[in-house]
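This report concerns only the one structure given below.
What follows draws every value from the coordinates through simple rules; no lab data is involved. What you see is a predicted model; the values in this text were computed from it and never measured. Cβ placement follows ideal geometry from the backbone for every residue including glycine, while neighbour counts extend to all protein chains displayed.
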Amino acid sequence: STANAPEDDAPNRYSRTERTAYTRYSRDANSSGSSLPSNTLEKRIEELERELTKERQENARLMKMMQDKEELIGKLKEEIDLLNR
């Protein structure tokens, strides 16, 4: 059985992001030919790793915002229920 627990989602999400970045990188490398110097490829990899790090940070920030908003919604629903009683 392959149950998807919430903690299993984070690594999958990041590996998907990495695959997307890698696919984009591969496409760029293939379109410009495979004769690029290795230092150019290393710089591109570093650039993509920095971009990936920024995207992960932004994703974490947005997830935190979403959780905060969901908590607020829950509290407001409880308050509405109390006021309706």
- Environment charge at Asp68 (Cβ cut-off 13 Å; Lys +1, Arg +1, Asp -1, Glu -1): +2
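Could you order the peptides 43-55, 64-76 from most to least packed, using the average number of other C-beta atoms within 10 Å per residue? Don't skip to the answer; put the middle values down first.
Values: 43-55: 12.4, 64-76: 10.0.
In decreasing order of mean packing, 43-55, 64-76 become 43-55, 64-76.
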